[in-house]
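The values are calculated or read from the model by the stated rules, or taken from the named source; none is laboratory data. No experiment lies behind these values; they were computed from the predicted model shown. Positions of Cβ are generated from backbone atoms using ideal geometry, with glycine treated the same way; all protein chains shown enter the neighbour counts. All accessible areas refer to the heavy atoms of the entire protein, side chains included, with ligands and DNA or RNA removed. Shrake-Rupley method; radii C 1.70, N 1.55, O 1.52, S 1.80 Å.
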Amino acid sequence: MRGSKYSIERTKEKLDFFYSVRAALPEWFGTWESKIDIILDVIKAGGLILLNGYDKKGRRVLIFNPQDIDPIKYDMAFDIINIFYFLIMEILMDALDQCSVTGLVFGWLTEGLTMGHVALYSNPVSVKKCATVLQDAYPIRPRAMHMLNLPSLAEAAVNLFRSCLNEKMKNRIQVGSLANFVADTGEEVLPKELGGTNGKLQDHIDHTLKLISDKRDWLTLRSGLKSDESKRQGKSKDYSEIFGMEGSFRQLNVD
């Protein structure tokens with residue numbers, strides 16, 4: 001309702017789209033049971049973290065440290081990051097967390113990325129899917145995306161992602177230093193390793209691990225919730241309908 005400016009019709013459309021996207025992307029929404037152990041391993045390595053607490057504007061903060069996600073061991077790293085985001089969103093929405101009002105901040109620690117890392121995040125089809133889900137499917141809105149110390153070799157990947165976003169979301173991508181990130185969020189939510197006063201990074205890793213581990217069975221059940229497009233009256237909202245043919249190379253239909 002909030003994300004739809006309290007329009008009943010728009011809210012119904014977004015609920016419909018939320019479950020249609022889940023049906024269209026089984027590789028992201030239908031595999032949580034088999035992916036949770038992988039995601040927990042990446043969290044333990046410090047690659048994916050939900051900070052414990054809120055920033056000075058009342059927002060939740062997600063930290064992505066892709067250099068700690070081995071591009072050889074995890075050749076589907078982009079999928080892992082997206083599934084982690086979906087798991088966290090399910091937990092926060094179920095808990096009626098205040099971020100449904102105040103939003104989220106992303107901190108990408110990009111210093112030290114290699115070409116092996118960048119290649120995993122530069123697939124146009126995957127980037128288009130991610131942008132669509134991020135913008136249009138989930139009710140919790142990103143308020144800022146900080147790319148910290150972005151190396152020049154990763155600029156093309158960021159520009160690709162930016163090209164798939166609407167103008168409002170494009171303006172929320174900020175490329176800068178750790179100091180810019182601290183200035184936006186405040187020190188009170190960040191761990192000492194990121195210039196804050198909120199404990200150590202390991203405390204937040206443990207917090208994230210517990211959130212997902214405690215909800216594991218529930219998340220597995222949630223993974224199966226999706227629309228049944230065979231029962232839809234009129235045109236189905238299949239993959240091509242949602243993402244457009246420019247984002248799909250799954251099949252070629254010839255009349």
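Each row is one residue, and each column tells you yes or no for (1) in contact with a Gly (Cβ under 9 Å, 6 or more places away or on another chain); (2) modelled with pLDDT of 90 or more.
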site: Asp75; (1), (2): no, no
site: Ile83; (1), (2): no, yes
site: Val105; (1), (2): no, yes
site: Tyr121; (1), (2): no, no
site: Ala144; (1), (2): yes, yes
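Taking region 150-193 as the search range and keeping residues that are part of a helix (DSSP H, G or I) and among the polar types (S, T, N, Q), which one is farthest from the chain's Cα centre (by Cα)?
Ranking the candidates gives Ser152 first.
Residue by residue through region 115-149, note down the ones that are under 12 Å from the mean Cα position of the chain (by Cα) and assigned to a strand (DSSP E or B).
Pro142, Met145
Looking at region 111-169, which of the residues that are open to solvent by 40 Å² or more (accessible area, probe 1.4 Å) and small (Gly, Ala, Ser) is nearest to Phe243 (Cα to Cα)?
Ser163
Considering (1) buried (at least 19 other Cβ atoms within 10 Å of the Cβ); (2) without any contact (Cβ under 8 Å) to a residue 40 or more places away in the chain; (3) not hydroxyl-bearing (Ser, Thr, Tyr), say which one Val42 fails and leave the rest.
(2)
Which one is surrounded by the most Cβ atoms within 10 Å (Cβ to Cβ), of the residues in region 45-60 that are part of a strand (DSSP E or B) and either touching a Ser or Thr at 6+ places or on another chain (Cβ under 6 Å) or not aliphatic (A, V, I, L, M) (or both)?
The extreme case among them is Ile49.
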